[in-house]
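As structure tokens, the structure follows; a few thoughts come after it.
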Amino acid sequence: MEIGGSSESPPDTKKSKSKTPRKSKDAQLLKQKSPAEFFADNKNIAGFDNPGKCLYTTVRELVENALDSAESISELPVIEITIEEIGRSKFNSMIGLADHERVDAELYDDFETAKAREKRLAKEARLQEIQAKNAALGKKAKAPTAMKSIKSREASYYRVTCKDNGRGMPHDDIPNMFGRVLSGTKYGLKQTRGKFGLGAKMSKILHYMRQMAVITPYAQFLFKFLSESPDKNVTVRFARRTDVMPPAPLETKYHPSAVDLLLIKRLITETSKQNLLQFLQHEFVNVGKSYAERLIGEMGPDFGPKMPVKSLTSQQIVRIHQLFRQAKFDDPSGDCLSPAGEYNLRLGIIKELHPDMVATYSGSAQVFEGHPFIVEAGLSLGGKDVKQGLNIFRFANRIPLLFEQGADVVTRTAVKRINWNSYKINQTQDKIGVFVSIVSTKIPFKGTGKEYIGDDISEIASAVKTAIQQCCVQLKSKIVKRIQAREQQERKRSLNKYIPNATGAIYEILKEMSRSHASKKRRSEDKDAELLKQVSDQIVTEETLREKLAQHVEQVDYEMALEYATQTGVNEEPREDIYIPPLQAEYNFTEFHSPVFVFRLVH
């Protein structure tokens, strides 16, 4: 009995012990996290996965929020962004932490041991010896590089301040607004800034500000970097170029072809409509009453116009989703979008790059998976701070995209799908600026960081190619005119170069003819005799011939320029009659004609 009793007791003990850790493990797996905890564990999604990205993302979010706050009240944005470098002592005093002197110096990572110091000094001595030998031999000595023998983990602290002239929100409304951004609104289809996290190093901040000044020339930016060393301070001002702001984006309803099952269920839960007919008619775009009735009839006998929308089962919702995917709907309108516009894009490019030539194009609204989008493009040649070759600038919903450029649809289209030579553009030698802005209610980003637009969407790729080609066509006509003008100048320069030799040869022939005419008394025509007599009497000299020939070249050049201006379509441009009424009753005019205009002078 003792054996049997001992054999039964251990299993009870094991079972009781095995249940406890399993419950605690399940409790850990089912733990609910707040949005703050989620982003703290996934910093890369928000763009805060390293210090450099933290600084850039902070600046980007502040600038975009400032733009939104000013544009929401139709105020021309005035934004001042300041990055102040703060030392450790100042940072500690700001947070109320007293500086602590080191007690055990060897405990710290930047402590230099005697062996490391000896090694460093020996290396410095060798470098100095090499530099001395190179100087003695007259060789160009390289500048000594900074020593990296001591590893330092000294953190950098920055205080970022953003001032704008927009309208903010009460402090108590911030948590509610943050929750709305995370969960999404009922309709959620509105062109918005700042809905994607980017990461970058601090060197990207100025590139971001410059590109922001290109796409928003109606805004005034002031960027300041205040270093602990005053000689390292940086101040950059991006002036406003225009007072024309693009219209604010409008909120619109979902297109039936752009919804999924979860979204349909959410719309059913949140709708205030009672029956299925009203739900289809008022919760989706491009679905009128008659079309909604046709859709309900196609769904099957289980559906009816007066059917309560809240009573739909999961199978019925799946049937609605399937029909939305298969049925034909009109494309959504692009009226809800807010592109920068050709005018603003052109001014922004001219303001920041100062190119020799610029062309812009704005395409019509197109559709991808039920979401409208508009592609705008700009193309520039020359300019300051522009390297040779293709310089690509990408924008999504009027926000610069600085990373993952190689995989982006704009880059691949510009590099692989455009035949630049056919437009008289040298892809490797010319300074080409390619600007493409895509606005949509849903930008099809790739990756968690949402740093580029994929090349696998044919609708967007085709629209980008068409926009760039339209800009190329505009520049080609300007380039051809410039080439013809250059050839004309070269021809004139060549003629002027040969004038001395030509006049010298002609004058020698005329002098020989005048001597022969005087000695042999040959009969010549009156004009020839008169010319030879003038040459003999030194009335016509070599200098006279040179002046006359130069005047003839100028006259021919002017006539060719006039003919060129006529043939290139100057007179084909639309003309507008402008009338200036005289003060007197008499209408006596003297007309001055040119290929471009006719000016009537009032007597």
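In nm, to one decimal, how far is the Gln405 label point from the Met299 one, both placed 7 Å along Cα→Cβ?
5.1 nm
Which FRET efficiency, nearest 0.05, do Ser333 and Lys33 yield, Cβ-Cβ r, R0 51 Å? Before the final figure, lay out the partial values.
Details: r = 40 Å, r/R0 = 0.78.
For Ser333 and Lys33, the calculated efficiency is 0.80.
Treating only the Cβ atoms of Lys and Arg (+1) and Asp and Glu (-1) as charged, compute the dipole magnitude of the range 269-386 about its Cα centre; round to the nearest 20 debye. Walk me through the numbers on the way to the answer.
On the way: 11 positive and 14 negative charges, 99 e Å.
That gives the range 269-386 a dipole magnitude of about 480 debye.
Return Ser34, Ser477 ranked ascending by Cβ neighbour count within 10 Å, so the fewest neighbours appear first. Don't skip to the answer; put the middle values down first.
Values: Ser34 8, Ser477 14.
By the 10 Å Cβ count, ascending, the order reads Ser34, Ser477.
Can you pick out the pairs among Lys384/Lys450; Lys43/Lys163; Lys384/Lys424; Lys90/Lys224; Lys163/Lys204; Lys465/Lys492 whose Cα atoms lie more than 28 Å from each other?
Values: Lys384/Lys450 30 Å; Lys43/Lys163 26 Å; Lys384/Lys424 21 Å; Lys90/Lys224 19 Å; Lys163/Lys204 21 Å; Lys465/Lys492 40 Å.
From the list (Lys384/Lys450; Lys43/Lys163; Lys384/Lys424; Lys90/Lys224; Lys163/Lys204; Lys465/Lys492), the Cα-Cα distance tops 28 Å for Lys384/Lys450; Lys465/Lys492.
Can you compute the modelled spin-label distance between Ser72 and Val160, with each label point 7 Å from Cα toward Cβ, in nm?
The modelled label-to-label distance comes out at 1.9 nm.
Cut-off 20 Å, label point 7 angstrom out along Cα-to-Cβ of Lys43: give me the residues of the range 92-108 whose amide nitrogen falls inside.
92, 95
When ranked by the protection proxy of mean other Cβ atoms within 10 Å per residue, highest first, what sequence do the peptides 219-227, 129-137, 237-245 form?
Output ranking for 219-227, 129-137, 237-245: 219-227, 237-245, 129-137.
What spacing in nm lies between the two simple spin-label points modelled at Glu124 and Gln388, each 7 Å away from Cα in the Cβ direction?
4.3 nm
Could you tell me, in Å, what Rg and Dmax come out for the Cα atoms of the range 394-469?
12.7, 40
Assuming R0 = 35 Å, what is the FRET efficiency of Tyr343 and Leu222, from their Cβ-Cβ distance, to the nearest 0.05?
0.90
Only residues of the range 83-120 count here: report those whose backbone N is under 16 Å from the spot 7 Å along Cα→Cβ of Asp231, or say none.
Hits in the range 83-120 for Asp231 at 16 Å: none.
If you project the alpha carbons of the range 256-326 onto the principal axes, what extent comes out on each, in Å, largest first?
Extents along the principal axes: 25, 25, 23 Å.
Go through 369-382, 544-557, 328-341, 421-434 and give me the packing order, highest mean Cβ count within 10 Å leading.
Details: 369-382: 23.0, 544-557: 14.3, 328-341: 18.1, 421-434: 16.2.
The densest-packed peptide leads the list: 369-382, 328-341, 421-434, 544-557.
When you count, for each residue, the other Cβ atoms within 10 Å and take the mean per peptide, how do 388-395, 406-413 rank with the highest first? Numbers along the way, then the final one.
Numbers: 388-395: 18.9, 406-413: 20.4.
Answer by packing, highest mean first, reads 406-413, 388-395.
Calculate the FRET efficiency for Gln315 and Val480 from the Cβ-Cβ distance with a Förster distance of 60 Å, rounded to the nearest 0.05. Numbers along the way, then the final one.
Numbers: r = 65 Å, r/R0 = 1.08.
Rounded to the nearest 0.05, the efficiency is 0.40.
Read-outs: derived from the displayed coordinates by stated rules, not from any lab. Not measured: the values here are computed from a predicted model. Please note: Cβ atoms are built from the backbone with ideal geometry, for glycine as well, and neighbour counts cover all protein chains shown.
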